[in-house]
Amino acid sequence: MAGLKKLYEPYSTTPETTEKLDWAELVNLDLSTFDQPGGKKALAKQLKYAVHNVGFFYVSNFGLTQEEVDYQFSIGKKIFDLPLSEKKKYGADTKSFSYNGYTGPAVKHHTDRLKLCHLADNIPKFTSHFPGKVAHPPPVQQNWDTIERFAKTVHHNVIERLLVIFALVLELEDEQYFVKRHDYETRGEDHLRYMLYTARDEDVNRDAQELYSTGHTDLGSITLLFRQPVAGLQVLNNDGKYRWVKPVPGTITVNIADTLSLLSGRYFKSSIHRVSVPPPDQRHLDRLGVLFFIRPNNDVLVEVVKDSPLLKREGVYETLEERKDPLTVGTWVRERQKHIFKNVYDITDAGKGKEGQERDELEAEVAGIRIKYWN
C-alpha cells in the first residue's frame with residue numbers, strides 16, 4: 001500500500017468546487033446503527049421516502065477507512081495511466097455484450113457521442129464463475145487480494161445491510177428476502193468498476209451539450225459510488241430539473257436501479273441521472289470513480305415480491321400484468337446489455353439534455369419489459 005501512496009496524492013484531498021450549485025437534498029443513512037436495538041427498523045423508516053420518491057441517498061460509517069478507499073482510487077489511476085496498447089490487451093468481450101474487463105476509446109461501442117472521454121475497468125465477483133485476475137491489467141493483478149477484501153467487505157457491510165433495509169421498507173416477514181437473491185457465491189453479474197472521465201476541451205464540451213453521460217437509469221439492483229471530490233453527477237428530480245449530487249466526505253452515494261424497481265412493482269424508484277461536465281473551477285480535472293453495480297443472482301426470476309403489506313396497501317398488486325413466460329435476471333441482464341451496446345451507444349445525437357430545454361425520450365421494449373432512456 002505504501003508504494004501507491006508515494007506515487008499519488010490521495011484523490012480525496014482534491015479540493016471541492018466552490019461554485020454555488022443547486023444541490024439535491026438526499027438522506028444519509030448511518031450504517032453503524034444497523035445492529036443496535038431497533039436500528040435497522042429505524043433506518044428503514046428513514047429510507048422509505050427516499051426509495052419511493054427520490055431513488056438516491058447516502059450511506060456513512062460503512063466499516064472502511066478513508067485510507068482503504070483512497071487506495072482503490074490509486075489502483076484506478078494506475079490502470080488508466082497505462083498505455084492504451086497495454087489496456088487493450090484486457091478489453092471486454094463486447095461481442096458477447098459483456099462489460100467485464102477494460103472498455104474505452106479502443107472499443108468501437110464507445111462512439112463519438114461520448115467524445116472518447118469515458119474509460120472503465122470492470123471486475124466481476126471473486127468466484128469460480130469468472131476467469132480471475134489474468135483478465136485484468138497489471139495494477140489489478142498486483143493488488144488482487146486487496147481488491148477482493150475490499151469488494152467482499154462492501155458486500156457484507158453495505159450491500160447486505162441495505163438489502164435487509166429494503167425488505168423492511170416493504171414490511172416483508174422475511175427480512176433476508178433480497179439478501180438470499182443476491183448471494184455472493186451464486187452466479188450473478190455484479191461488478192466493481194474503476195472509471196475515468198477525462199477532461200475535455202471547451203469546444204468538445206459544447207458539442208456534447210456539456211455532458212459526459214446523458215440521462216439514463218441503471219440496470220441492476222443498486223449502484224454504489226464512493227465519494228470522489230470532482231462534481232458531475234446529477235439526478236432528475238420530480239420537478240423535472242436536474243440537481244447536482246454533492247460529494248459528501250465519508251459517504252457512498254447509492255441509487256436504486258431498474259431490476260430492484262421491477263422486483264418492488266416499481267414502488268422503488270429507479271431515478272434518471274446523468275454526468276455533467278464539472279463546474280468551471282473543476283472542469284480541467286479528470287473525474288476518477290470507484291463504483292459497484294449490484295444485480296440479483298442470474299437464476300432469480302424478474303417478478304414482484306409477494307405478500308408485501310406495503311405494496312398491498314399501495315394497490316401495486318392490483319395493477320400488475322402477469323408475464324406469459326418466466327424471465328430470469330440472467331436473461332434480462334443479457335438482453336438489456338445487448339440493447340445498450342446496439343442502440344444506446346450507437347446514438348450519435350445526444351439530444352438537448354439540459355435544464356430548461358426539451359428532452360428527448362427514448363422508449364423500447366426489452367425482454368417484454370418497457371424501458372425508457374432520457375437524453
Looking only at the stretch 112-132, and only at residues there that are of a type in the set (K, R) and at pLDDT below 90, the one that is farthest from E202 (Cα to Cα): R113
When restricted to V27, V59, the only residue modelled with pLDDT of 95 or more, β-branched (V, I, T), surrounded by 19 or more Cβ atoms within 10 Å (Cβ to Cβ) and under 25 Å from the mean Cα position of the chain (by Cα) is V59
Does K342 count as modelled with pLDDT under 95, touching a Phe, Trp or Tyr at 6+ places or on another chain (Cβ under 9 Å) and farther than 30 Å from D70 by Cα? yes
Identity of the residue in the stretch 68-95, free of Cβ contacts under 8 Å to residues at least 12 places away in the same chain and part of a helix (DSSP H, G or I), that ends up nearest to H118 (Cα to Cα): D81
Please work out which one of (1) within 28 Å of H339 (Cβ to Cβ); (2) of a type outside the set (K, R); (3) surrounded by fewer than 20 Cβ atoms within 10 Å (Cβ to Cβ) is the condition E202 fails and give its number. (1)
Hits in the stretch 123-151 - residues which are of a type in the set (A, V, I, L, M, F, W, C) and within 16 Å of I79 (Cβ to Cβ): I123, V134, A135, V140, W144, I147, F150, A151
Show me the helices (runs of 4 or more DSSP H) found entirely inside the stretch 129-216 where at least 3 residues are touching a residue at least 12 places away in the same chain (Cβ under 8 Å) and over 30 Å from G38 (Cβ atoms). 138-142, 144-154, 202-207
Qualifying position, being modelled with pLDDT of 95 or more, on the phi < 0 side of the Ramachandran plot and over 14 Å from the mean Cα position of the chain (by Cα), among R283, R243: R243
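The values are calculated or read from the model by the stated rules, or taken from the named source; none is laboratory data. Keep in mind it's a predicted model, so treat the numbers as computed, not measured. Cβ: placed from backbone, ideal geometry, glycine included. Neighbour counts: every protein chain shown.
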